[in-house]
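Asker: The structure is given below, and queries will be raised subsequently.
The values are calculated or read from the model by the stated rules, or taken from the named source; none is laboratory data. Predicted model only: the values in this text are computed from it and were never measured. Positions of Cβ are backbone-derived with ideal geometry, glycine not excepted, and every protein chain shown enters the neighbour counts. Remember, those area values only see protein heavy atoms, side chains included, never the ligands or the DNA or RNA. Shrake-Rupley method; radii C 1.70, N 1.55, O 1.52, S 1.80 Å.
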Amino acid sequence: MSKGKSIHALVILMFTQFISGGVTNTKGIVLDQVEKDLGLDMSQFGLVVFIFQLGFTLASVLIGYYTDKKGLRIMTTIGAIVMGIGFLGTGLAPNITFFLGFYMIVGFGLGSLGVASNAIVPAAYPKKQNQMFNFAMGVYGLGMVLFPQFLNYLFQFASWRYFYIGIAASLIAVIIYITSVSFPSGKAEKIDFKAFIPMLKDAQFVFLMVFLVFEVSAEVSFMNFFPTYLKSLDLGGLSTTEKEDMVATILSLFSVFFMIGRLAIAYLTNWVNERVILITFSAGSLMMVGVSFLVANDFPYLFAGAGLFFSTLFPTATAFGTQISKTSGSALGLIYIAAGIGGGIAGYIVGLASEIFGQAGGFSIVIIFLLLMFLTTFFMNKNKSSYHTT
């Protein structure tokens with residue numbers, strides 16, 4: 001692959017991660033506003049998260065498969081168009097039914113663009129996959145940092161609808177860019193559905209998928225339900241506006257740690273293997289969220305520190321998966337399926353639990369997801385994979 005073409009592919013990857021990070025980190029903030037505008041109870045809140053992840057999971061299979069057959073340019077263009085339609089429709093949705101429908105399209109669009117652009121990493125940087133995934137996720141963290149503050153400012157004078165409509169408008173420029181520049185074609189790793197079977201017979205890949213289910217469950221639950229959970233606390237008698245400011249600040253600080261962690265681990269992987277990183281950072285995320293939950297009323301800003309430990313879990317696990325498989329494209333397909341399952345189930349479970357047991361009861365399930373994720377890391381060792389070669 002020529003240097004120029006790989007740069008264009010990485011530009012799309014970075015944009016995708018920036019938007020994905022921003023949207024992921026502000027779903028809870030936006031949905032809190034949607035709750036007031038369209039009317040949402042917590043079980044419906046969880047359904048929104050489930051719908052989004054369902055769209056993302058469908059994209060993981062379909063777009064990953066067709067990227068190999070149709071080429072990277074065509075599928076990234078389709079992903080951008082779908083995502084634009086989803087954001088525009090969501091921003092204009094007159095009721096919760098339309099909102100749910102278009103939100104699934106948003107998930108499908110983000111998944112499409114993410115899978116298509118991520119597929120270039122194993123092809124272009126086969127020996128630096130972990131580093132490149134972490135660099136890309138550092139940009140993801142940058143979106144996470146900036147978007148909450150932008151939304152906190154936007155909501156002072158405008159509706160949440162303008163946020164989604166604005167993203168849709170920005171995608172027009174992205175589509176023009178994709179269709180205008182020299183772009184890699186036919187370089188994405190092939191997704192072979194038949195390859196799923198031997199991978200699922202490999203215990204290490206199964207452990208990886210279990211890890212990802214719980215990791216994404218914890219991360220999605222934290223990002224989506226933290227705003228409503230924190231606003232349900234007394235926090236020394238703060239007003240709703242003051243709590244909203246605090247939520248935006250904590251999420252931005254969380255994202256700063258998140259970004260720093262991913263950029264730092266990109267270098268650390270040169271000396272420390274994936275298994276050690278996954279065990280260490282899983283333990284850190286469990287302890288940080290657990291302690292923060294216990295002292296939430298007195299030290300709510302402590303939650304921000306969890307960003308450092310969440311930061312590298314998904315990209316490191318992704319690199320773990322692509323390295324123990326013979327076909328990186330198929331591995332990415334299963335990785336995103338596991339992520340979609342985890343995020344979807346978690347959203348529904350936490351939303352339902354919040355409706356029944358209250359915000360604190362629902363949010364506490366995040367700790368259970370983190371505990372199960374941590375325990376799974378002890379079974380992960382790529383040297384024991386049937387695919388591993390020295």
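Asker: Can you tally the net charge around Lys243? Count Lys and Arg as +1, Asp and Glu as -1, for every other residue whose Cβ sits under 11 Å from the Cβ of Lys243. List each step's numbers first, then the result.
Answerer: Details: positive: Lys231; negative: Asp32, Asp234, Glu242, Glu244, Asp245.
That sum, taken over residues with Cβ under 11 Å, equals -4.
Asker: What accessible area per residue, rounded to a whole number of Å², is obtained for the range 268-390 using a probe radius of 1.4 Å?
Answerer: Roughly 40 Å² per residue, with all protein chains present.
Asker: Under 1.5 on a/c is rounded, so check that first for the range 196-384, then, if it is not, pick prolate when a/b is larger than b/c and oblate when it is not; a ≥ b ≥ c are the square roots of the alpha carbon gyration tensor eigenvalues.
Answerer: Note, shape of the range 196-384 comes out prolate.
Asker: I would also like to ask the following. Which whole-number percentage describes the relative contact order of the range 196-384, with Cα contacts under 8 Å and a sequence gap of 6 or more? Don't jump to the answer; show the numbers that get you there.
Answerer: Numbers: 225 pairs, mean separation 81.2, N = 189.
Dividing the mean separation by the residue count of the range 196-384 yields 43 percent.
Asker: Hey, any idea what % of the range 194-314's accessible area is carbon plus sulfur with a 1.4 Å probe?
Answerer: Answer for the range 194-314 is 71 percent, counting heavy atoms of protein chains only.
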